[in-house]
Structure formats: structure tokens, C-alpha cells
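S.K.: I have a structure here, written as C-alpha cells, and I will follow up with some questions on it.
The values are calculated or read from the model by the stated rules, or taken from the named source; none is laboratory data. Just so it is clear, the structure is predicted and the values come from calculations on it, not from any experiment. Don't worry about glycine lacking a Cβ; one is built from the backbone with ideal geometry, like all the others, and counts go over all protein chains shown. Just so you know, the surface numbers come from the protein's heavy atoms only, side chains and all, with ligands and any DNA or RNA stripped out. Shrake-Rupley method; radii C 1.70, N 1.55, O 1.52, S 1.80 Å.
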Amino acid sequence: MRRRANAILVWLLWALTSVVLVALVWFQFQNASDVVVGVVFTVGQFAFATVGALVAWRRPSNPIGWIFLGVGLFSAGSSLAESYAVYAIFTEPQSLPKAEVAAWISAWSTGPSFGLLGLVLVLFPDGKTHSRRWRFLPYLILVGVVSLSLSGALTPGPLFGHFETVSNPFGVEGLKTLLTVVEGIGWGIWMFGTAAAALCVVLRYRGASREQREQLKWFMSAGALLALGFVGNGISWEGGDLQWLFTLSTGVMATGLIALPVSCAIAIFKYRLYSIDFIINKTILFALMAGFIGAVYVLVVVGIKALVFGTGSASTLPSLLATLVIAVAFQPVRERARRLANRLVYGSRSTPYDALASLAAGTAYATDADLERMAQVIGEGTGATRVAVWLRVESGSRLVASWPVSIGSADMGDFERVLPIVHQGEELGAIGLTKAPGDSLTSTEDHLLLGLVSQAGLVVRNLRLAAELEARLKEATRQAQEVRASRARIVAARDSERRRLERDIHDGAQQNLVALAVKIGLVRNLAGRDVDKAKTLLAEVSEEITRAIETLRNLSHGIYPPVLTRQGLLAALESEALGASLPVEIEATGLARLGPELEAAVYFCCLEALQNITKYAHARGVQIKLEQNDEALIFLVTDDGVGFDPSVAGTGSGLQNMRDRLKALGGDVVVASSPGEGTTIRGRIPLHVLVPSE
């Protein structure tokens, strides 16, 4: 209900303003004085009322809309009162009643019409002051406006402007002195408040976000146009015969009256903002150069002419001298003015052309610092909040640069815009950027981004090659470290095996041979005395010799089984399976005889796997598969035991021994297992290292 009542009030005020403006246009045509300028002012007043109605309707909590409605209504009413009085007093005298009252209304209502614009400076765009310390300013401006209106309404004597022949019908003679003081104070307060409001806009711009800055640029451009018209109008009033300046400044002021509400509407409703940086930049540059030329001309032509030749001299020398000074200093001054304009418009951000030039200056021998600089140039040139640069390498895309540098890891999907970096038809990487929420790339920034990406190809190509070389170097270093570690483990394993063999020989065959030597000595002593006992000892010696041979045979089988040499890998594994404590099923496909070192590697890997299964798997059976194709020799050892989690259990010595054996031949081992589902060990040796057995 409240929202509906608010809407009714808003559109009633707008309708009232529209009716007033229609009446105003009729009187303007009847008076036939400055019709074009008057119509332009009327369009501006209608724009204020319409934009104010839209803002107050959609955003009733934002006072900007109500201020605009007030400016439109007061301005239209003041203009109508003035046109009415002009018609009734000058165009058709005595044709309409209360002409003096209408003139009186126009005399004091002009203050509220334009004085309220100071409130817009303070409260734009969100309806709040820049900070708590500025809260007094709107009230101060209102005090100034009320003081001027009150003094204009009650000061006795002739009215201001066109109606100097009309005496104030409501003037109070006894308050003339007081009202004069109030008028002076009102002017001082209003001028101070307006200047402070302009400063407030500057401070708000400096601390604003990028989106707010874009809004303020529209507003400040229109406000500057309006202020320029006011200044020119004031100079023309004081300057005597300056009708051309009055006409020009009045037109500029009227245009500013239209541009100001329109720019505010675009900003407040956050319509898509088309970039006006270029227009503002060139406007500032033009103004600075015009000021330079004017200053030089006045200083040289007027000053020197008056000092050297006298005021009445007609000499053209000062003009020629001024032209020469301007011609010589124009380019240096223009460059400095351009930098100042860029600084005012873009702040610390690079202009689009400076950004392209900065990147183009990069060396062909790129480094990581060049990519960091490229990310910074893109970020500063487009106003992005995050920029990332990726290189395409063999393993995928690698983040190599970011801006700001604290961005950390970055995924392409996290960025609003991602463009590929292409050089000579090859995609080398990508550049991604993200802008602030509610902000988007303007057409100028989009063209800048495309230009930067096209220039980045050579830099990124060199960096990608360097990155690939670095990655390969790291991989080669890692492999070399693994080979060194594997060789160290192989040496340690061989030393351990030698010590085991030494213990086995000492505890087994050596003890048998020592016993044989003792018994043979006894037989020699008993040979001449007790033949029967000597024969018994010889029988025991024969048994000891048989046991020693068996022990040595078993040791030799553990080192390298004879059946592996004579019959090959399949026969050796089948022989080992006969003595296993578990059922072992062996299957071979395309298996041929291989070099002894390769057959031994696969044989002992399978034996290591069988031993681990016997110790830990609690399996019911084992399956061994051997397969040889055109590329590699592959073996699989699978059990149906309890299984385990390889990521938790880690790598035992048995599995590490397998890996070391196969890596020494260019192969590898993979373990696949899960709790309750058994284990599969898969080994592979590339075919190019296989040497057929002779």
C-alpha cells in the first residue's frame, strides 16, 4: 500500500510538472524571445522531472529522485512565472492578471531551482554522503538556498532581471538591512557548500570502486558541462558586449541541464555503461592545449605589445612571436598535457596504447618476469581484478604467471574471460581475467585485450619451450636419482645375498665337509686294527657326501636354478610350482627363450611374489600368466587372498626388489590390490631390451 501511494505521489508531481511545461512552451512562443534556447531549457527541465520520477518510483529510498523532481518542478514553475510576467507586462500589457505576483515568484524561485543541484553533488549516486564527516553539508546547502529565496522574496525595491521596472509587491521595508545581510550570508553559504560538494565528488571518485568510478565519470562530465555554461554566462553578464559568449554559454548550460539527469539515470539504474574514457581524455587534452595557447597569446601579444610597443601600436611582431613560441613548444606541451589527461582519467592504470607499447617492448628472450609483467599490463589496462597466464605443455596447462602475484593456484573455469594465445597457427597457452562483480569489459578494453593476446605469442612460445626443457630436465634428474638409488639397493641386496650364502655354506656344506674330514681320519686310523668298524665309518662318510652334494645343489638352485638355463622360464616356474605350499597355475602365451639375465629377472620376481603370498596373503591359490608380444614381455601374479590397500601399506622390501630388478632392464612393476579382493602384481619389460638366447 505504501509503495502504491508513493507511486501515485511521484507521477502526480511529474504530471503537474508536465502541465506547467506545456503552458511554459506556449508562453515562450507567444513572447518570441530566445525560443530555441527556451525550448532546450524546457527539454532539460522535463528530463529532470522524468528521470526524477523514474528514480523515485523505482528507488524511493534514494533522495536523488526526489531532488530531481523538485528541481524539475521548481525550475518549470519559475520559468512559467517569468514567461507569464513577460507576456502580461511587455508582450500584451494588462492582458493577464497578477503579472507583478508572477514576476515576484520568478525572482525568488530561481534559487531553489538550481541551488538544489548542490545536493546532487553531495548525495550522488547512492543518496548518502561520502562519509560521516560530510553529513552537515546537505543541511548547509539547504540553509543557503532558503536564505537566498527568503531575501529575494521579501527585499523591497525593484525586482531582479527583466523586471527592474516592477517593485516587489511583498517587500518589507523595515527588514531591508537584515535581508541584505541574509542575502550576503546566503550567497556565501551556498557558494561554500557548492564548492565543498564538488570536493566531495572528487574525494568520492578517488576512493570509489571501478563501477562507481564509471558512474561518476558520466555524472562529472555532465556536471562540468553545466558548470562551464554557468561560468560563461556569468562572464558575459560582467563583460559588457559579449553577446556571443552569452549565447554560447547559455546553449552549453542548456545542454548540461539535459545531460546531467540522463547521465544520472544511466548510473543509478546500472545500465550498461559505454566507455567514455576516450572522450573525457580528449576533452581534457583539448582544454589544456587551448589554455596553453590562450595563455601564450595573451602573455606575448597583449603583455609584450603593451610593454614594448604601447597599447595603441599596430605592430604584428608580437603576434608572429606568439605563433613561433606556440609552434616550438606545442609538441612538448602536448605530450605533458596528454600524460596529465591520462593520469586524471585512468589514474595509475595504463592507457590502452601505453599497455600495447609496454608489451611490444618486451624482449624475444622471454623470462618468467616478462609473463608477470604481461599479466600486470593486462590487469592495469583492462581494470581486471585477477589475471592468469597458462602455458600448454606436454602434461597439460601450467600456470606460469598471475596478477596480483598472490592469486595462488588458478583454474580456467574460475575466470570470466579466457582467450587462447596463438602463434603461427599453434595454440601455446591461454590468458584469463576476471573483473569486479557487476563490471564487464568495455569495447575499448576488449580490443586492448585482443591486441595484447596477439602480441603475447612470441613471448609465450619461448617461455613454453623453456618450461618444457625445464620439465624434461627435472624428469631426467628424477630418473637419474631413482637409478642411483636402485643401483645402491641392488648392491646392498647382493651384499646381503653373499652374506646369506656364506652363512648357508658355513652352517650346511662346510659342516658336512668338516665331519667328512674327521671321519676319513678315523677310517685311516682303524684300517689296520678294526676293519669292521672302519667299514661302518666309510658307510657314514658316503651318506655325509650325499648330504653335502644335496646341500650344495640346493644352494646352487637358489642362486640360479639349472632348469632355468637348460629349459627356460616356463619350465623353471613349473618346477618351482611343484614344491610350493599353494596350488600354482601357470599360463604362457607367445613365450620364447630370452637372455639369461632377463629370464632370471622375471623368474626371481615371480618367486618373490610367491614368497610374499605364502607369508601374508592367506590365499587358496595362485595364478601366473606370462605373455610376450611385439612390444614387451609381461607377467602377472594373481592371488585370491585377503588383499591390502597399497596407498596405506607402502612398499615392502620384496616389492622394492622386484622394481629394482625390472628398472635395471627398463621395465616397471604395478601392484593392484584392495582389502578382501586379492592382489595382482603386473611386471613389464620393453621388447627392445630383450636379447634372444643363443
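S.K.: Rounded to a whole number of µm²/s, how large is the Stokes-Einstein D of segment 614-667 at 10 °C and 1.306 mPa s, given Rh as the Kirkwood radius over C-alpha pairs?
M.R.: This corresponds to a translational diffusion coefficient of 120 µm²/s.
S.K.: Can you list residues from other chains, or at least 5 along the same chain, whose modelled amide H is less than 5 Å from the amide H of residue 401?
M.R.: For residue 401, whose amide H was placed from the backbone, the distant partners under 5 Å are 389.
S.K.: So between residue 593 and residue 192, what do we pick up on full extension, going 0.36 nm a residue minus the alpha carbon distance?
M.R.: Answer, rounded to one decimal: 134.0 nm.
S.K.: A further question follows. With all protein chains present, calculate the accessible area of residue 185 using a 1.4 Å probe and round the result to the nearest 10 Å².
M.R.: That residue has around 90 Å² of solvent-accessible surface.
S.K.: Local charge sum around residue 453 (other residues, Cβ-Cβ under 12 Å, Lys/Arg +1, Asp/Glu -1)?
M.R.: The answer is -1.
S.K.: Give, in nm to one decimal, the length gained when the segment between residue 615 and residue 640 is fully stretched (0.36 nm per residue of separation minus the Cα-Cα distance).
M.R.: 7.6 nm
S.K.: What is the local net charge at residue 635, summed over the other residues whose Cβ is closer than 13 Å to its Cβ (Lys, Arg +1; Asp, Glu -1)?
M.R.: Counting the neighbours of residue 635, the net charge comes to -1.
S.K.: Next up: I need the GluC sites (Glu not before Pro) found in segment 145-209, filtered to DSSP loop residues with at most 11 other beta carbons within 10 Å of theirs.
M.R.: Listed in order of number, the matching sites are 164.
S.K.: What does the extension gain come out to for residue 331 and residue 538, with contour length at 0.36 nm per residue minus their alpha carbon separation?
M.R.: 62.2 nm
S.K.: A further question follows. Quick one: if the Förster radius is 25 Å, what FRET efficiency do residue 90 and residue 23 give, using the C-beta to C-beta distance and rounding to 0.05?
M.R.: About 0.90, to the nearest 0.05.
S.K.: Measure off 7 Å from each Cα along the Cα-to-Cβ vector at residue 427 and residue 321, then give the distance between these two points in nanometres to one decimal.
M.R.: Output for this residue pair reads 6.9 nm.
S.K.: Also, quick follow-up: Using a cut-off of 12 Å between beta-carbons, work out the net charge of the residues near residue 160 (Lys and Arg +1, Asp and Glu -1, residue 160 not included).
M.R.: Here the count lands on -3.
S.K.: Could you check the spin-label model distance between residue 372 and residue 447? Points 7 Å from the Cα along Cα→Cβ, value in nm.
M.R.: 3.3
S.K.: Points 7 angstrom from Cα along the Cβ direction at residue 228 and residue 57: gap in nanometres?
M.R.: 3.3
S.K.: Classify segment 36-180: rounded, prolate or oblate, from the alpha-carbon gyration tensor (a ≥ b ≥ c, eigenvalue square roots; a/c under 1.5 rounded; otherwise prolate if a/b is larger than b/c)?
M.R.: oblate
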